[in-house]
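One structure is given here, and the rest of the page talks about it.
The values are calculated or read from the model by the stated rules, or taken from the named source; none is laboratory data. Every value quoted in this text rests on a predicted model; they were computed, and no experiment measured them. Positions of Cβ are generated from backbone atoms using ideal geometry, with glycine treated the same way; all protein chains shown enter the neighbour counts.
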């Protein structure tokens, strides 16, 4: 954050400067997305993950086909995750050189890829359940902890990172027994992009193909 | 003494990835993937398909139980007296009521496994993680953890006691348990080894992050805030 130096305006230009400032403020307000009704709190972060986990538990015990479950997971992922920031983070610095059309196509392809990949992992939780166990602040976001209970194995920890910086409460990272989704996907997407010698369009095509 | 040792030093927090032996490690990784493809995966699939689930669980329990005395020693060396006690009673209960460890009644009465190893003991003594290593046959490790594995194998109390046929049975059970794990987690392992764009880099990241988690270290990437990352602007 840069700090703006404050100077006491002299009486002569005060009126015009104030006018300019308020006009600028009006412009900024008009271009900003609608402010969230309520800022994120420990309670709203937890309730987001409570609802998310209850939807996941419903899907993993629905007995539906793999294809149907993966569609359900993609829908859950779009509604509960800040897909745009997760996709941008996975692409890393390469996101800077992408056009907005490429970013948009990449984000859509990435959403399907992540939903299929992580949906398959969650599908292995069939017959089990996830339970939220706690929540606490980390830097400027909240971390919700949960335990996954699977038949025949000891419970393991799943952490969800929740922020409202997209304009509403959404999760942007998921950490299973210490293994971090953003770090994993930055490595994987980086490797996929290297294989395509930095060609983002080829990467997007690969992501659409990736099972 | 152990408590004093454990208390006297704290390993520095792990951060990032140190991989100065990447070229050699990638060679070992290629070997390990080849080994998995040619032998481990097909054998694990056969084992998982032919041997019924409850029998595999029994074999896996039996192998884990043989590891408890080593875990006990490591907990003591780390000054983890409560976990050492838990491990002692688990071994006593599962070796008797659990019929030589084939069953795990200890978990049902509130004494779950508290697995550990000499790498963790070294960590408790303040030894830093060191460079990342991928070791042929053994797989992902670090300089510290590989040293720990060598000590655990050479100093295993169970191997010191068991002789002849008993020792062979123990070895067989350990290998079968590893195959059982490979079968049980086959979708996950396959996705890392055969579906990743760079399976070496994925295995390295997964190992380091999960290991730091096991050791109770806070990995800095787990406090990463993409909204504040200047690289993403």
Those helices (runs of 4 or more DSSP H) completely within the range B:94-201 that have 1 or more residues that are free of Cβ contacts under 8 Å to residues at least 24 places away in the same chain are B:105-108, B:143-154, B:157-161, B:164-184, B:186-195
Look at the range B:107-119 and say how many of its residues are away from chain A (no Cβ under 14 Å) and under 14 Å from the mean Cα position of the chain (by Cα).
4
Unmet criterion (only one of (1) under 17 Å from residue B:60 (Cα atoms); (2) touching a helix residue (DSSP H, G or I) at 6+ places or on another chain (Cβ under 6 Å)) for residue B:122:
(1)
For the range B:212-233, give me the residue count where each residue is more than 8 Å from every other protein chain (Cβ to nearest Cβ) and touching a helix residue (DSSP H, G or I) at 6+ places or on another chain (Cβ under 7 Å).
1
Take the residues in the range A:70-96 that are over 16 Å from residue A:186 (Cα atoms) and within 14 Å of another protein chain (Cβ to nearest Cβ); name whichever of them is surrounded by the most Cβ atoms within 10 Å (Cβ to Cβ).
A:81
Pick from A:105, A:67: which is more than 10 Å from chain B (Cβ to nearest Cβ), over 21 Å from residue B:197 (Cα atoms), more than 16 Å from the chain's Cα centre (by Cα) and not in a strand (DSSP E or B)?
A:67
When you check residue B:143 against the structure, is it crowded, with 17+ Cβ neighbours inside 10 Å, more than 10 Å from chain A (Cβ to nearest Cβ) and in contact with a helix residue (DSSP H, G or I) (Cβ under 7 Å, 6 or more places away or on another chain), yes or no?
no
Identify all residues within the range A:135-174 that are in a strand (DSSP E or B) and more than 20 Å from the chain's Cα centre (by Cα); write none if there are none.
A:147, A:148, A:149, A:156
Selection from the range A:159-187 of residues within 7 Å of chain B (Cβ to nearest Cβ), under 22 Å from residue A:100 (Cα atoms) and surrounded by 21 or more Cβ atoms within 10 Å (Cβ to Cβ) yields A:172, A:182
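Conditions (1) loosely packed, with under 14 Cβ neighbours inside 10 Å; (2) at pLDDT 90 or above; (3) in contact with a strand residue (DSSP E or B) (Cβ under 6 Å, 6 or more places away or on another chain); (4) at positive phi, marked per residue:
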| site | (1), (2), (3), (4) |
| --- | --- |
| B:148 | no, yes, no, no |
| B:153 | yes, yes, no, no |
| B:163 | yes, no, no, no |
| B:168 | yes, yes, no, no |
| B:173 | no, yes, no, no |
| B:193 | no, yes, no, no |
| B:197 | no, yes, no, no |
Out of the residues in the range A:192-211 that are under 17 Å from residue A:97 (Cα atoms) and within 9 Å of chain B (Cβ to nearest Cβ), state the one that is surrounded by the fewest Cβ atoms within 10 Å (Cβ to Cβ).
A:194
